[in-house]
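Engineer: After the C-alpha cells below, expect a handful of questions from me.
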There are 2 protein chains.
Amino acid sequence: MRTSIATVCLSGTLEAKLHASAAAGFDGVEIFEPDLIASPRSPEQIRELADSLGLTLDLYQPFRDLEGVGPDQFADNLRRARHKFELMGRLGIETMLVCSNVATATVDDDELAAEQLRQLGELAAEHGTRIAYEALAWGRYVNTYEHAWRLVRRAAHPNVGTCLDSFHILSRGGDPRGIEDIPAEKIFFVQLADAPQLSMDVLSWSRHHRVFPGQGSWDLPSFLAHLMRAGYTGPVSLEVFNDTFRQTDVGRTAVDAMRSLRWLQEHAAARLGNTEAPVPLLRLPAVEDPTGIDFVEIRGRAGVERIEDMLAALGFTYAGTHRSKSVRLWELGQARIVVNDADTQDGRPVVAAIGFVVDDPQRSAARAGELGAPSVPRRSEADEQVLQAVRAPDTTEIFFCSRTNAWTSEFSVKPGDERATRAARPEDGADSHVDHVNLDQPWQRQDEGLLFLSAVLSLDPQPSLDVASPLGLVRSQVMRSADGAVRLALNVAPPMARQSVGSHPGIGQVQHVAISCPDLIGLARRARDRGLEFLPVPANYYDDLAARFDLPAQTLATLRELNLLYDRDDRGEFYHLYTPTVGEVFLEIVQRTDGYDGYGAPNAPVRLAAQLATLLD
Amino acid sequence: MRTSIATVCLSGTLEAKLHASAAAGFDGVEIFEPDLIASPRSPEQIRELADSLGLTLDLYQPFRDLEGVGPDQFADNLRRARHKFELMGRLGIETMLVCSNVATATVDDDELAAEQLRQLGELAAEHGTRIAYEALAWGRYVNTYEHAWRLVRRAAHPNVGTCLDSFHILSRGGDPRGIEDIPAEKIFFVQLADAPQLSMDVLSWSRHHRVFPGQGSWDLPSFLAHLMRAGYTGPVSLEVFNDTFRQTDVGRTAVDAMRSLRWLQEHAAARLGNTEAPVPLLRLPAVEDPTGIDFVEIRGRAGVERIEDMLAALGFTYAGTHRSKSVRLWELGQARIVVNDADTQDGRPVVAAIGFVVDDPQRSAARAGELGAPSVPRRSEADEQVLQAVRAPDTTEIFFCSRTNAWTSEFSVKPGDERATRAARPEDGADSHVDHVNLDQPWQRQDEGLLFLSAVLSLDPQPSLDVASPLGLVRSQVMRSADGAVRLALNVAPPMARQSVGSHPGIGQVQHVAISCPDLIGLARRARDRGLEFLPVPANYYDDLAARFDLPAQTLATLRELNLLYDRDDRGEFYHLYTPTVGEVFLEIVQRTDGYDGYGAPNAPVRLAAQLATLLD
C-alpha cells in the first residue's frame, strides 16, 4: 500500500515537513496549499527536494467553493483553477482536491454541479491534471460521499474522480460500506483521519481534534478494508488537523503517523480475506498480550536509598545486587522493584523502566522496531541475559521479558550487605504483584503514547477521566491488557502542576508504582511498626466517607488510624495507601476485593492535595 | 449587593482560596465540598479562618441525587444528608445546595420529588439549616429553573427554597424573565457564570469553559436585573468551573472575579429604574470611550536604536529627548512612538506601554483602580505632566492621556543630536496614526485581559480567529472601541511558538505596532530608498494572490517588488508591510481604502512563516 501524508499534519516549514515525511518512510505527501504559499522555495525547488528525498507529490489541496454557483462566479472559479493547474504543472502534481462548496453555492442542482465539475475536469485535462471531488461534512448542498460520487458519475469525465475522507464520512455517522460500490478507478484519492468521540460542532472537531488512525474512536481498519474490497490501489494518505501535532516535533509526529498506517494495515488485513487486497498490506510480527509486569525499575543518582527504606518497611525482601551494575533487586511476592543508581535527567529518582512478560521477547521487540520504537542501548556482559527494550513516547523504557525471570539470577546478596538483615515476614509477600504503574505524560505525547502502547503492547485504552488537583485538572487514562494483568495509568497534568516547587517536582510530575496485596491492613500495620509514615489523609476525608458509605465504625476507625483510603464499585471494595514521594516517585499499596475494577479515582484529589500540602510545608 | 465566590473557581488549598477571596474584597464564599474534604483543617478551623478574614460561609455544595428515588434509596439519602447538616453546623453554614438528581432518579413524579424535598427540608430545619434546590441543565427529570421552583413551591416548607444558576438557565436557552415571578424569600441562593457560545455537550461546557461575567457571550447584567426586580437581597455568588482558573494564580483570579462582579453591578444598574434594586448596587466612575491612541512606548536596554533607525527610514520625525529621562519621541503625523532606554525583563525591546486619549484621565484612572487594576508607579519631576497609568493583565502599561498632548512639550532636540538630521519629508506624515497594536497574551490571562479591556477601556471583543503559524495555531481576538479609533489585537500563541530561538524570542512572543498611512506604496519606496529592508514575502504568495484576486499586472508587480501584502473585503482594500523584528517588536505600515475593516488576517500565516524563516536562517 502506498502511504502519504498531508503537510498540514506536521509542524514547521514545508522543507522540514518533507524531510520528516521521508525519514519516517512515507512514499509521498499531499501539498497543503498554505504551506506552499508560505514557503520561500519555488514550486520547482519543492519538486526537486521531494524527488531527492524519494517522495512523490500526490495531491494539491484544497480547491474550494467551485460548484453550484452562477455563471459569472463559475467563470472566475475556472480562472482561479487555471492558476492552480499551472502551478501543479510546476510541482509535477497530477491530482487536485476539490472540496464541495461551503461558502458560495447558491444553486442546489445536481445537474449544474455535475456540469461544472465536468468543465473543471476538461480544464484539468488540458493541463495534464485531474480533480478529486470530496464532500465536506459541512458542505452547503453536498456533504455525503454518496452525493459526491453521484455528481462525479454524472460529470462522466475521465479527469473527474472522487476523494474519500474518513473524517467527513464517519463524523456524520455515514456508512462506509457503500465505498465498495464505487468503481476503483473513480476513487482518485483517499484521506484518513481518526477522531475521539466528541459532541461539538463538526467544523471545530475537524479543524482541531483529528488524530491518526488508532488514536481515536473510529473503526479505521474496517474503513480501509472497504477501500481494499473496492479495489483501490492509490495512495492512502493521512489528513489530520490537530492542534498538538501542528506545533510539536515534526520528526516524532511523522514517525507517529507512519506507525498509525502500519498498525492500520495490519488490522485491515485481519479483516480481509487472502485475496481481497489489490495491493499488499504490510505485515508485522504478531502482537502479544503481556501476561504481567515482570519488574519496575526506579532509577536515580541520589535518594533511591529512601525508596529502598520504604520497600524494606513495606515487607519487600532484598534479593541482592547485580553482579556487574550498581543495581539492586527487591521482591514482594511477584512484585519486583529494581533500584538503579544511574543518573536521570534531573538527578531525581524516577520510574525509568517497566518489564512486561511476553511469550517471545525477540518477536515483540522486532515488532516494536517495525512500529518505529527507538531501541534502548543496553550494556550487558557476554554471559548475562539480553533484555530487549524500546523507549515509549514518554521516555519510559519498555522491556520485553520472558516468563523465566532468568535475569534475576544475576542478583545476589554480597556478604555484609546490611539490606539483607531487614527481615521481611513470609506473609508480607503472599499473592503480591504490580497492580498498575502510573506514568506522567508530557501533554504533547498523549495521542502518540496511546497508539504506541496499543500497537506495541496490545493495551486497550479505557475511558479517560478528569481528576481535580488543587493546581488544575489532571487527565487520566488507563491502558490495560485484555485480562487486566497489565495496567498503566497515563496522566497528563496541567502546566501549573508540572512546575517544580523548590527542588521538588510539582504534584503533576510524579509517577507511582501500585502493588497489590491480599491484606492491606496487616501490611500497613507492620510497615508502620517498622517506622514508615504514610501520606497523611485529612480527617475530613473520613467524615465524608462515613456519609458516602455506611461503613462499620470499626472499619472507619482502622482506615483513619492507618491513613488508608477506601472505594467501592458494583462488585467489590478497594483499600489503598500512599507512601511519601521521593524524587518523582511514590508507592501505592492496594487491596482489591470481589473483583473491584477501578483505581480509587474518587480519592485521587485527596491524594493530590495531600501531596501539595507536603510540598508547601 | 453581597458578593460571594465558590471555592471551586480558584486554585490551590482551601486556605489559600479563603485568603485570596478576602483580599479581593468578597463578602463571603461557597464551600465546594471536595475542597473541604482535601483540607487538613477541621471544619471549626475553617470557620475560624473565615471569621478572622471577615468572610461569611454562604453555602455548602453540592448535595447530589436526592429526589425521585425509591424509599430505600431515599432513606440512605437522608442518612447521607444528616452527616452533611451536622458538618454544616460545625462550619456555621446555613444553606446547602441540592442539585436536581442526575444519576439515581427512577421516578418522574413531581409529587414524590416535592415530598422528598419537604422531608429533607424538615431534616434541615432540625439542624438549623435549609436547602436551596437547583435544576442542573442535565438533570434527569428536573432541568429547568421553572420546574425546580414548582417543586419547591409544592414542597411548601420554610426550609426549602431554590437556587438560581445562570449557567444552567442560559446554557439551555432558558428565559430568565420568569425569575421575577419567584417570591424573593424563596430564592435562597444565586450563582452566576458566563460562558463563551460553544456548540458542545452542555456537561463539558459547564465543567471546563465557564468564565466570569463579562468574559463570555451572555447578558448577565439583564440576568442580575431580573433578580433585583424579583427583590432578591441575598449573596450573588460566582460559580465558575474553568480549566485555566483552576490552575493559575489564586490571587489574580480572585481579583479578576471581583472585577467581574463590579462591572456586573454597574451594568445591571444601568438596566434598572432608580427604585428597582432592593440592595445598593456598586457605582463606578463612568467609563470613557478612548478617542485614539496617543502614543506607544517601546522599551529596551539594548537594540532600541535599531527600532529608531526603522522609524527614521519610515519617515518618522525625531521630536527630541525627554528633559529628565533617557526617553525619545518619534512622530509620524498623529502616530507617536516613545523609545525608552529602560530595562525590560529579558533586556529585549518590547511594547511596554500604550497611551489612550480620554476626556478625563483622572476619572478613568480612578475607575481602573476600583476595578482592581494595579497602578504603575511613575517617577516624574514636579513640573512635569503626571500621567495616570495602570497595568493590564498582560503587563502592558495603560496610560490615560488628555487630548492636549501636553506631555510632548517635555521633549526637545538637544544640539548635536544626529537623529534630528534624518530628514523626513512632509508627505510621510500626512494622516498617519496608530492603526492598531498587536499584543502577545499569556494563555492564562486571556479571559482576564478581555474583561479588563472591556471594563477599563470600554473596548468590545470581536469574534476570535485561529491563525495558522508554522508552530501551531495562534488565537487572535481584536478588542476595539465603538468607532474603531482604538484597536488592540490580542494574540495567544501555542507553547512551541513561544519558545525562544537562541537569543531571539519565538514567533509567538512578539508584539507589533501598526501605523496607518494614506499612500503605502510611496512610503514603502521612500523607506526602501533610505535603506530599510522589509520582511521578505515569498514569491508563491504573489502567485496565489493572482489566483485569488484578479489584480492588474502592474499592481501585482509593485506589490511583489516592495514585499507588500494585500487583502480585500466587501468594502475596500488593504495594503500592508512588515519590518524585521527587533527584540520582541516589529512595525507594520498599513493603508486602508474605502472602509476596509479587517487586519489582513489571510496574510498572517505568511508573515509568521517568514518570521520563522528569519529565525532559522
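Engineer: Can you tell me the accessible area per residue over the protein assembly as shown, all protein chains present, probe 1.4 angstrom, in square angstrom?
Structural biologist: Numbers: 45030 Å² over 1234 residues.
Averaged over the residues of the protein assembly as shown, the accessible area is 36 Å².
Engineer: Can you give the log10 of the normalised intensity I(q)/I(0) at q = 0.09, 0.14, 0.15, 0.17 Å⁻¹, computed with Debye over equal Cα scatterers of the stretch B:3-271?
Structural biologist: Per q value, in the given order, log10 I(q)/I(0) is -0.37, -0.96, -1.11, -1.43.
Engineer: At R0 = 56 Å, how high is the FRET efficiency between B:T421 and A:R403 if r is their beta carbon distance? Nearest 0.05 is fine.
Structural biologist: Computed FRET efficiency for B:T421 and A:R403: 0.05.
Engineer: Please identify which residues in the stretch B:357-378 have an amide N closer than 12 Å to a label point set 7 Å out from the Cα of B:S324, following the Cα→Cβ vector.
Structural biologist: Counting backbone N atoms under 12 Å from the label point, the list is B:378.
Engineer: Could you run the Karplus curve 6.51 cos²θ - 1.76 cosθ + 1.60 with θ = phi - 60° over the stretch B:353-370 and give me ³J(HN,Hα) per residue in whole Hz, x for Gly and Pro?
Structural biologist: 8, 9, x, 10, 7, 9, 5, 9, x, 4, 5, 4, 5, 5, 4, 4, x, 5
Engineer: Let me ask something else about it. Find, among the trypsin sites (Lys or Arg not before Pro) in the stretch B:222-290, those assigned to loop by DSSP (not H, G, I, E, B) with at most 13 other beta-carbon atoms within 10 angstrom. Before the final figure, lay out each step's value.
Structural biologist: Details: sites: B:R229, B:R246, B:R252, B:R259, B:R262, B:R271, B:R283; in loops: B:R246, B:R283.
Passing sites in the stretch B:222-290 are B:R283.
Engineer: Would you please give the residues with an amide H less than 5 Å from that of B:A353, counting only those at least 5 places away or on a separate chain, with H modeled from the backbone geometry?
Structural biologist: Long-range HN contacts for B:A353: B:E297, B:E397.
Engineer: Let me ask you something else. Taking H placed 1.01 Å from N in the peptide plane, check which residues at least 5 places from A:A319 or on another chain put their amide H under 5 Å from its amide H.
Structural biologist: Placed amide hydrogens put A:L329, A:W330, A:E331 under 5 Å from A:A319.
Engineer: Can you give the translational diffusion coefficient of the stretch B:32-86 in µm²/s, computed by Stokes-Einstein from the Kirkwood radius over Cα pairs at 4 °C and 1.567 mPa s? Kindly include the intermediate steps, with their values, before the conclusion.
Structural biologist: Details: Rh = 13.1 Å.
Once the numbers are plugged in, D ends up at 99 µm²/s.
Engineer: Calculate one ³J(HN,Hα) per residue across the stretch B:80-88 by plugging θ = phi - 60° into the Karplus curve 6.51 cos²θ - 1.76 cosθ + 1.60, and present them in order as whole Hz with x for glycine and proline.
Structural biologist: Karplus values, whole Hz, x for Gly and Pro: 4, 5, 4, 4, 6, 5, 5, 4, 5.
Engineer: In angstroms, what radius of gyration and Dmax does the stretch A:293-377 have, counting Cα atoms only?
Structural biologist: My reading of the Cα-based Rg and Dmax gives 14.4, 43 Å.
Engineer: On to the next question. Work out the FRET efficiency for A:E44 and A:A302 from their Cβ-Cβ distance, taking R0 = 51 Å, and round it to the nearest 0.05. Write down the numbers at each step before the final one.
Structural biologist: Details: r = 58 Å, r/R0 = 1.13.
The formula returns an efficiency of 0.30 here.
Engineer: Find the all-direction average of the projected area of the Cα convex hull for chain A, expressing the result in square nanometres with one decimal place.
Structural biologist: Working: hull surface 125.3 nm².
If I average the Cα hull's projected area over directions, I get 31.3 nm².
Engineer: Amide H to amide H, which residues 5 or more places from B:D165 or on other chains are under 5 Å from it, using H placed in the peptide plane?
Structural biologist: Those lying under 5 Å, H to H, from B:D165 are B:Q191.
Engineer: Also: In nm, what does the list of distances from A:E111 to its counterparts in the other copies look like, shortest first, when each label sits 7 Å along Cα to Cβ?
Structural biologist: Nearest to farthest, the other copies are at 6.4 nm.
Engineer: Let me ask you something else. Can you list the copy-to-copy distances for A:G598, using a point 7 angstrom from Cα toward Cβ, in nanometres, shortest first?
Structural biologist: With the label placed 7 Å along Cα→Cβ, A:G598 yields 5.0 nm.
Engineer: Can you list the copy-to-copy distances for A:T395, using a point 7 angstrom from Cα toward Cβ, in nanometres, shortest first?
Structural biologist: Spelled out, the distances from A:T395's label point are 2.7 nm.
Engineer: Oh, and also: Ordered by residue, what ³J(HN,Hα) values in Hz, to whole numbers, does the stretch B:53-66 give under the Karplus form 6.51 cos²θ - 1.76 cosθ + 1.60, where θ = phi - 60° and Gly and Pro are x?
Structural biologist: 8, x, 9, 8, 9, 8, 7, 10, 8, x, 10, 10, 6, 7
Engineer: Full extension from A:A286 to A:L203: what is 0.36 nm times the residue separation minus their Cα-Cα distance, to one decimal in nm? Working shown, then result.
Structural biologist: Numbers: separation 83, 0.36 × 83 = 29.88 nm, distance 3.77 nm.
Gain in length upon complete extension: 26.1 nm.
Engineer: May I pose another question? Angle between the Cα long axis of helix A:520-529 and the longest principal axis of chain A, 0 to 90 degrees, nearest 10?
Structural biologist: Once rounded, the angle reads 50 degrees.
Engineer: For the stretch A:227-280 and the stretch B:223-256, what is the separation of their Cα centres, given in Å?
Structural biologist: Result: 48 Å between the Cα centres.
Engineer: Taking 7 Å along the Cα-to-C-beta vector as the label spot, tell me the A:R140-A:S500 distance in nanometres, rounded to one decimal.
Structural biologist: Taking the two extended label points, one gets 5.7 nm.
Engineer: Chain B: which residue's Cβ hugs the B-to-A rotation axis most tightly, distance rounded to whole Å?
Structural biologist: B:M200, 2
Engineer: Using only Cα atoms and rounding to the nearest 10 degrees, what angle (0 to 90) does helix B:220-230 make with the longest principal axis of chain B?
Structural biologist: 30
Engineer: Using protein chains only and a probe of 1.4 angstrom, how many square angstrom of B:H83 are accessible, to the nearest 10?
Structural biologist: 60
Engineer: Ok, one more. I'd like the distance between the alpha-carbon centres of the stretch B:330-365 and the stretch B:64-128, rounded to an integer number of Å.
Structural biologist: 58
Engineer: Take peptide B:493-499, look around each residue's Cβ out to 10 angstrom, count Cβ atoms belonging to other protein chains, and average those counts. Mind dumping the intermediate values first?
Structural biologist: Values: counts 1, 6, 6, 8, 3, 1, 1.
The mean count of partner-chain Cβ atoms within 10 Å per residue comes to 4.
Engineer: Then there's this: What is the Å³ per residue value for the convex hull set by the Cα atoms of the stretch B:185-257? Could you put the intermediate results ahead of the total?
Structural biologist: On the way: hull volume 7.5 nm³, N = 73.
It comes to 103 Å³ per residue, whole-number rounded.
Engineer: Moving on. Given the Cα-Cα distance of A:L616 and A:A23 and 0.36 nm per residue of separation, how much length would full extension add, in nm? Let's see the in-between values first.
Structural biologist: Values: separation 593, 0.36 × 593 = 213.48 nm, distance 4.66 nm.
So the extension gain works out to 208.8 nm.
Engineer: Find me the longest stretch of chain A that has none of the exposed GluC sites (Glu not before Pro), where exposed means in a DSSP loop (not H, G, I, E or B) with at most 16 other Cβ atoms within 10 Å.
Structural biologist: Numbers: sites that count: A:E276, A:E381, A:E533.
Longest run free of exposed loop sites: A:1-275.
Engineer: Can you give the angle from 0 to 90° between the axis of helix A:110-126 and the longest principal axis of chain A, with both taken from C-alpha atoms, to the nearest 10?
Structural biologist: Between helix and principal axis, roughly 80 degrees.
Engineer: Okay, moving on. Enumerate by residue number the trypsin sites (Lys or Arg not before Pro) in the stretch B:341-439 meeting two conditions: DSSP loop (anything except H, G, I, E, B), and at most 10 other Cβ atoms within 10 Å of the site's Cβ.
Structural biologist: Numbers: sites: B:R363, B:R367, B:R378, B:R379, B:R391, B:R403, B:R419, B:R422; in loops: B:R378, B:R379, B:R403, B:R422.
Of the trypsin sites (Lys or Arg not before Pro), the ones in loops of the stretch B:341-439 whose Cβ has at most 10 other Cβ atoms within 10 Å are B:R379.
Engineer: Taking the C-alpha atoms of the stretch B:292-616, how large are the radius of gyration and the largest Cα-Cα span, Dmax, in Å?
Structural biologist: Values for the stretch B:292-616 (Cα only, Rg and Dmax): 19.1, 61 Å.
Engineer: Enumerate the lysines that A:K325 could reach by cross-link, defined here as Cα to Cα under 29 Å, with residues fewer than 8 away along the same chain left out.
Structural biologist: A:K414
Engineer: Would you mind giving the average projected area, over all directions, of the Cα convex hull of the protein assembly as shown in nm² with one decimal? Don't jump to the answer; show the numbers that get you there.
Structural biologist: Numbers: hull surface 209.5 nm².
Averaged projected area of the protein assembly as shown's Cα convex hull equals 52.4 nm².
Engineer: Label A:A156 and B:D519 with points 7 Å out from Cα along Cα→Cβ: what is the distance between them in nm?
Structural biologist: Going from the A:A156 label point to the B:D519 one covers 6.1 nm.
The values are calculated or read from the model by the stated rules, or taken from the named source; none is laboratory data. A quick note: this is a predicted structure, and the numbers were derived from the prediction, not measured. Positions of Cβ are generated from backbone atoms using ideal geometry, with glycine treated the same way; all protein chains shown enter the neighbour counts. We work out accessible area using only protein heavy atoms, side chains counted, and drop any ligands, DNA or RNA first. Shrake-Rupley method; radii C 1.70, N 1.55, O 1.52, S 1.80 Å.
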